[in-house]
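Below is one structure, written out as structure tokens; comments come after it.
The values are calculated or read from the model by the stated rules, or taken from the named source; none is laboratory data. Since we're looking at a predicted model, the values are computed, not measured. All Cβ positions, glycine included, derive from the backbone under ideal geometry; neighbour counts span all protein chains shown. In case anyone asks, the SASA skips ligands and DNA or RNA and just uses the protein heavy atoms, side chains included. Shrake-Rupley method; radii C 1.70, N 1.55, O 1.52, S 1.80 Å.
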Amino acid sequence: TSAILCQSQSCLNDNPPSRMECPTCNKLGIRGSFFCGQDCFKAGWKTHKLIHELAKNPSSSTNVGKSSDSYNPFPNFSFAGTIRPLYPLSPRRTVPDHIPRPDYATTGTPFSELRETGPPRILNSEEIEKMRTACRLSREVLDIAASHVRPGITTDELDEIVHNATIERNAYPSTMNYRGYPKSVCTSINEVICHGIPDQRILQEGDIVNIALSFLSQGYHGDVNATYPVGKIDEDSQRLIRTTRESLDAAIKICKPGALIRDLGKTIEPIARANGCAVVRTYTGHGIHELFHCSPNIPHYAKNKAVGTMKTGMIFTIEPMLNLGTNWSEIHWPDNWTATTVDGKRSAQFEETLLITETGVEILTAGR
Amino acid sequence: MDSEADDDIPELISAEPDEQSSSDKNPIAKRVPLTIICGFLGAGKSTLLRRILTERHGYRIAVIMNEFGDTADIEAKSITVDGESTTLELANGCLCCSIKDSGAAAIESLMRKQGAFDHILLEATGLADPGPIAGMFWHNEEYIDARSIGSENGIVLDGVVCVVDAVFGLKQMEEDHADKEEGPGESLRQIAGSDVIILNKVDLVQSSILSATELAIKHVNPVAPVYRTVRAELNLGHILGIQAYSIGQRHLSALKDQHELQHDHDHDHDHNHDHEQGNNLSSSVVPHYVTRGISSLQVSLPPLSATQFAAFDAWIRTILWENRLLDSVDCLASTPDSQSKKSPLQGNINVLRCKGLLILTSGEQHVLQGVRNMYEIIPVDESMKSEFPHAGKVVLIGKGLGEDVRHSLLSAVG
């Protein structure tokens, strides 16, 4: 490796090869900030520290808020990428009284989920019909939200659209107050893996955004999400979106009575790897019916010990999250919800709710 | 605003000489072994803990006292390292739809801040059954990937140690074998779920009682080595770093014949082996309570063809996931009512732990590991293949493991 010369623009020693590094740059992951000595470093400090500021606060055009007083609530957090939360969050939206609520609507705690034990439920035809409706409508609402995705709209505005479309259909937006979640939909932009909270940030040309919503109707939940391009996106993002959808479709294809749940990850991960993506591990697919999240548990990665064989009448989601690159890990923002990649690279997700039928599988959330 | 003050200029640091790739910034993730210590009340767990901390002085050993049952309650727990206690906090970030165990996440979060430990001891006082916690940490290993850049130090389940009181142990086990509503009692579940058993206070007890106790232990768990100790004194290498959930040599040796196992013991205490009893577990008088409580089943298997190997997987997953035997009529298209359909011959089958070595006709060897309804079968590396077994062997520990289970397995792979 070639020697790195002193980076100071006002070096008194003629910019010799240097081995002393700026500790702040080291911490921020900025490479090559070498100086020949402390005095030289001090002399050039005013200029040098701008590099730190640029790294900590990406160009103001990346995160623009709708109102002029929008702000980042976590200025000291070490964000992995360039997306920042932009507060204030809009006030909690109300759900009309006539719409039946889940048990967590008041306290946030999903008691019925915590009480649930035993193997995955098998639904009868009446219950399945209700799931069909809930899922069909959830796709309907997702499509409506998707039609509004464009540069210039905020994620909060998307939340309003989803919320209103949901209550218009006499349904409860399942995410609202689930374990305290404040909104009716999750909007996850770029390096955000999942559970992004709708806020003041305006979508930019080149962004990718996942819209994830869940829909409680007649006592049954539907769960669906998709990642959409905002305007024209780069090739890596196209590849990411395409690969994620492809891996979900391949997993759906193997679903039928007798298929093993642990084999879904075996189908998804090779597709991801072949296309330079990593499969997120800690978030999984799940059973769904009267409970938002229940058994079975569906890992999306290959070597897993998932328990369970698919049976007719079983309903669950498959919702792979793929990150560009090789890092499948995640970090959480201080809001205790938003999960992002560790290296700032982008992440995409697609989800469907599936019913195992006698002959195979029915995608309950299928678009028309 | 967090802009740096002009007079707040940091000191330059020496750059690392190795600059080949920017991704080498992260240190190699460490795999930190975790041992669960359970056992009868007053048997000597605390003595054992103190001994470990004293002998392994100089190692960073974290001790967690887990008085409340399962690790999900772990937020208010204290963790002691080098005599200093910290409180474990729930990891940052809501883990909804994340099935990562919050206890494991809390420990990992602490290691991010304080650096990796050399070993973690989870002292499970009042824990009726180590199985679920062991399962959770074993499952948690799916989130470690040493190749993944940026992965943090991962917890690896090293094994479960059970301390049995030689004075009261046998009586405790007899009581616990009684047919209760909720199933077999604590002491049996602890023995069933352990990978190594310490029979402590042997100096206070007659040799005949010791033999009877050991026999009772082995009826429940024939594969966990039993070490007789005084004041919990033993070679720590027998209980730490045993890699009971991996496929190391130790695992393979655990499936050796009982007879060979006895000789492998490294006792710190002089006594007489009772070879007769060690060899003939099946022919000696089986205590009457064994059939109602927890017992074990050992089945030898011939080398299997690929088809038979697949059949074995179908058999084991049926018994582990559905608590039933694989009939010829398998319920794929279950109706809501048929879920509890079981052959009337089958009692309540419940496998708590399973281990096995499978030999294939192709020469491949595979290792079976399982706790509760979670299991995996993984190929043995060429370098670690055992030279000795010509036959495969499967050991099941749990309830309802009668001869019908043996027959079912043999006919499934036959």
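Assorted remarks:
- Residue by residue along B:356-367, Cβ atoms of other protein chains within 10 Å of the local Cβ number 0 on average.
- Isotropically averaged projected area of the range A:155-230, using the convex hull of Cα atoms (one quarter of hull area), nm²: 4.9
- For peptides B:309-317, A:194-202, B:293-301, sequence by mean Cβ density within 10 Å, most packed first: A:194-202, B:293-301, B:309-317
- On Cα atoms only, tilt of A:235-253 relative to the major axis of chain A in degrees: 30
- Of the cross-linked pairs B:K218/B:K399; B:K45/B:K201; A:K266/A:K345; A:K253/A:K311; B:K218/B:K355; B:K218/B:K393, those separated by over 21 Å at the C-alpha level are A:K266/A:K345.
- Its residues counted as N, the range B:349-414 yields a C-alpha radius of gyration over 2.2 N^0.38 Å of 1.20.
- Peptides A:70-79, B:134-143, B:356-365, A:88-97 ordered by packing proxy, namely the average of other Cβ atoms within 10 Å per residue, highest first: B:134-143, B:356-365, A:70-79, A:88-97.
- Chain A: angle of helix A:45-56 to the longest principal axis, Cα-based, in degrees nearest 10: 10
- Degrees, to the nearest 10: A:155-168 long Cα axis against longest axis of chain A: 10
- When the residues A:R136, B:R324, A:R31 are ordered by accessible surface, computed with a 1.4 Å probe over the protein chains alone, the sequence from largest down reads A:R136, A:R31, B:R324.
- Going by accessible surface with a 1.4 Å probe and the largest first, B:H407, A:H52, B:H219 read B:H407, B:H219, A:H52.
- Per the Debye calculation on the range A:73-129 with a single equal scatterer at every Cα and no solvent contribution, log₁₀ I(q)/I(0) for q = 0.17, 0.21, 0.24, 0.26 Å⁻¹ amounts to -0.90, -0.97, -1.06, -1.12.
- Over 38 Å [Cα-Cα, chain A], rounded percent: 25
- Peptide A:300-309 - average C-beta neighbours from other chains (10 Å radius): 5
- For the range A:267-368, the alpha carbon positions stretch 43, 34, 33 Å along the principal axes, listed from largest to smallest.
- Treating r as the C-beta distance of B:S300 and A:R273 and R0 as 45 Å, the FRET efficiency rounds to 0.70.
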